[in-house]
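Asks: Pasting a structure below so you can have a look.
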Amino acid sequence: MEFKIFISSIIEGYQDRRDIVEATINSLGKDSSLKFSVIRLDQKSSPSLDCSSQQACLNGVNSCDIYLGR
């Protein structure tokens, strides 16, 4: 089974923290039978969107299994 994990934060800033969280999630997937895919919205992973950033965020939240944020 694959779990989709949405990493939430402000788009500008916290890039280093999101990178650490994503790396940690990816390493967990390598050491177990569980599979994880990370959903995150930032300039690096989503340089151009076909919808507003708010709608892209809502789409990500609606499609995830696990939400990491405030």
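The values are calculated or read from the model by the stated rules, or taken from the named source; none is laboratory data. All of these numbers come straight from a predicted model, not from anything done at the bench. For neighbour counting, all protein chains shown are included, and Cβ atoms are generated from backbone atoms with ideal geometry for every residue, glycine included. Areas reflect the complete protein model, heavy atoms only, side chains present, ligands, DNA and RNA absent. Shrake-Rupley method; radii C 1.70, N 1.55, O 1.52, S 1.80 Å.
Asks: Considering only the range 8-33, state which residues are assigned to a helix (DSSP H, G or I), hydrophobic (A, V, I, L, M, F, W, C) and closer than 16 Å to Gly69 by Cβ. Spell out how you get there, then give the answer.
Replies: Just the residues of the range 8-33 that are assigned to a helix (DSSP H, G or I), to begin with: 15-30.
The next check asks that each one be hydrophobic (A, V, I, L, M, F, W, C); those that pass are 20-21, 23, 25, 28.
Selection gives Ile20, Val21, Ile25.
Asks: Restricting to the range 50-64, and then to whatever is part of a helix (DSSP H, G or I) and exposed (fewer than 11 other Cβ atoms within 10 Å of the Cβ), can you tell me which residue is modelled with the lowest pLDDT? Working first, answer last.
Replies: Just the residues of the range 50-64 that are part of a helix (DSSP H, G or I), to begin with: 53-63.
With exposed (fewer than 11 other Cβ atoms within 10 Å of the Cβ) added as a condition, the list becomes 54, 62-63.
Values: Gln54: 82, Asn62: 93, Ser63: 92.
Applying the filter and picking the extreme gives Gln54.
Asks: Sticking with this structure for a sec: Could you check the range 1-29 and list, in sequence order, the residues that are within 20 Å of Asn59 (Cβ to Cβ), at pLDDT 90 or above and open to solvent by 70 Å² or more (accessible area, probe 1.4 Å)?
Replies: Scanning the range 1-29 gives a single hit, Lys4.
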